[in-house]
Amino acid sequence: MKIHEYQAKELLSRYGIPVDKGFLCTNMDEALKVYSQLPTKSAIIKAQVLIGGRGKAGGVKIVHSEEAYKQRVNDILNMDIKGLPVKKILVGEVVNIASEYYLSLVIDRETKSVLLMLSSEGGMDIEDVSRTKSEKIHRFLIDSPWGVTDFLARRAAFKLFDNLALVQQAADIIKQLYRLLVATDASLIEINPLVLTVEGKLVAIDAKINFDNNALYRHPDIAQLAETNEEEKKEQEAKAKGFSYVHLTGDIGCMVNGAGLAMATMDMIELYGGKPANFLDIGGSSNSNKIVEAMKLLLADKQIQVVLVNIFGGITRCDDVARGLLDAFSTIRTDVPVVVRLTGTNEQEGRKILEGGPFHIAETMEQATRLAVEKVNH
Ligand code: GDP
Ligand code: MN
């Protein structure tokens, strides 16, 4: 789960990490009120969207007059950043930056530990730095029994600074950042940039935090910060109905029982040159309600041009699934072709039941996937 910059800064601040003060606004009136209370004519306006690279996309602007402020607030509130509409902005005083740094904690799967990364090349080009000058990014693995010791924090901080006062500030930030990560079950915390101000203070002026969804039940206060987009809402609804569903970008809707079979079905589609529109595991049971719900879920996606039903009958009997499909299609009206492949327990009976129905029947997985790929655009 992702949260906005303003929410991430609130959490950093709770852990004693210095952040610049910003005010959240959703419209011009609020933004003008904030502006009238700023000590100077200069202000920074930042789009709050759950995606990085806002600066390069024009979603971060510094202004020096009220005129320019109004113009930029208006522009940014009407912007779309990589498909996400800007509904909120963060407005505040401009920080006087002397230099920018990068600081992050992320779970490293390979070593199964938390990885601390820092660089003196912070700012908007950190992705390029990691690609072309990866030696400029310093990495420290954190042993979980000890966490970030004073020694480790200072050793890391010395990679960025040689001034002891700054090393101490950075070490404190690193230690607190790790406490925050552990306490909230975050999977990533990134401060980019962490800046040294002209006044000699380290301040986090941008922050990103991702949380482990599987641990959200332990953190109701964090779970309630979630702002779900349309796709995530769909995935949650599907979950509530007992499905595992992941939306993808292709045009062949898949309805499969079993996660392994669902993965294999998607692979076969790709093998024959098609693109799956989703991963959908409807689980065991052939209950027709479930099939109606799954079909509705698929057909609500306008990208879908063909539905491929691939069922492996074990305890779930193919004749039950077939009856479920017939039932379902007595209420569903659609022009989308539906390819059905049933195998396993009572497959013949199942296919017989489907004869004369609005389905394209296949016997093997290969036939079914080929047929589905052929039906796209036909
Ligand atoms: P991102 O592009 O989405 O990561 O947005 P950031 O919040 O990191 O802002 C991008 C860049 O804008 C930073 O790297 C800074 O160079 C600059 N910036 C952000 N806030 C300030 C500020 O208060 N003062 C100044 N001078 N520059 C800022
Ligand atoms: Mn940033």
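In this structure, is residue 135 without any contact (Cβ under 8 Å) to a residue 24 or more places away in the chain, among the acidic types (Asp, Glu), over 26 Å from residue 4 (Cβ atoms) and open to solvent by 60 Å² or more (accessible area, probe 1.4 Å)? Yes, satisfied. Of the listed requirements (1) at pLDDT below 90; (2) of a type in the set (S, T, N, Q); (3) closer than 23 Å to residue 350 by Cβ, residue 310 misses just one: (1). Being farther than 25 Å from residue 345 by Cβ, open to solvent by 10 Å² or more (accessible area, probe 1.4 Å) and not in a loop (DSSP other than H, G, I, E, B) is a description that applies to residue 296. Just one of (1) open to solvent by 20 Å² or more (accessible area, probe 1.4 Å); (2) in the same structural domain as residue 172 (by TED's automatic domain parsing); (3) within 16 Å of ligand 2 (Cβ to nearest atom) trips up residue 123, so point out which. It is condition (1) that residue 123 fails. Of the strands (runs of 3 or more DSSP E) lying entirely inside region 1-106, those carrying at least 3 residues that are more than 16 Å from ligand 2 (Cβ to nearest atom) are 22-25. Any idea how many residues of region 174-195 are in a helix (DSSP H, G or I) and within 16 Å of ligand 2 (Cβ to nearest atom)? Matching residues across region 174-195 total 1.
So that you can scan it fast, the table gives a plain yes or no per residue for (1) more than 21 Å from residue 369 (Cβ to Cβ); (2) surrounded by 19 or more Cβ atoms within 10 Å (Cβ to Cβ); (3) not acidic (Asp, Glu):
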site: 314; (1), (2), (3): no, no, yes
site: 318; (1), (2), (3): no, yes, yes
site: 326; (1), (2), (3): yes, no, yes
site: 333; (1), (2), (3): yes, no, yes
site: 336; (1), (2), (3): no, no, yes
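Against the numbered list (1) touching a residue at least 24 places away in the same chain (Cβ under 8 Å); (2) more than 16 Å from ligand 1 (Cβ to nearest atom), residue 208 comes up short only at (2). Among residues that are without any contact (Cβ under 8 Å) to a residue 24 or more places away in the chain and among the aromatic types (Phe, Trp, Tyr), residue 245 is not included.
The values are calculated or read from the model by the stated rules, or taken from the named source; none is laboratory data. Note that the structure is predicted; figures quoted are calculated from it, not measured. Cβ: placed from backbone, ideal geometry, glycine included. Neighbour counts: every protein chain shown. Ligands, DNA and RNA are excluded from the accessible area calculation, which covers all protein heavy atoms including side chains. Shrake-Rupley method; radii C 1.70, N 1.55, O 1.52, S 1.80 Å.
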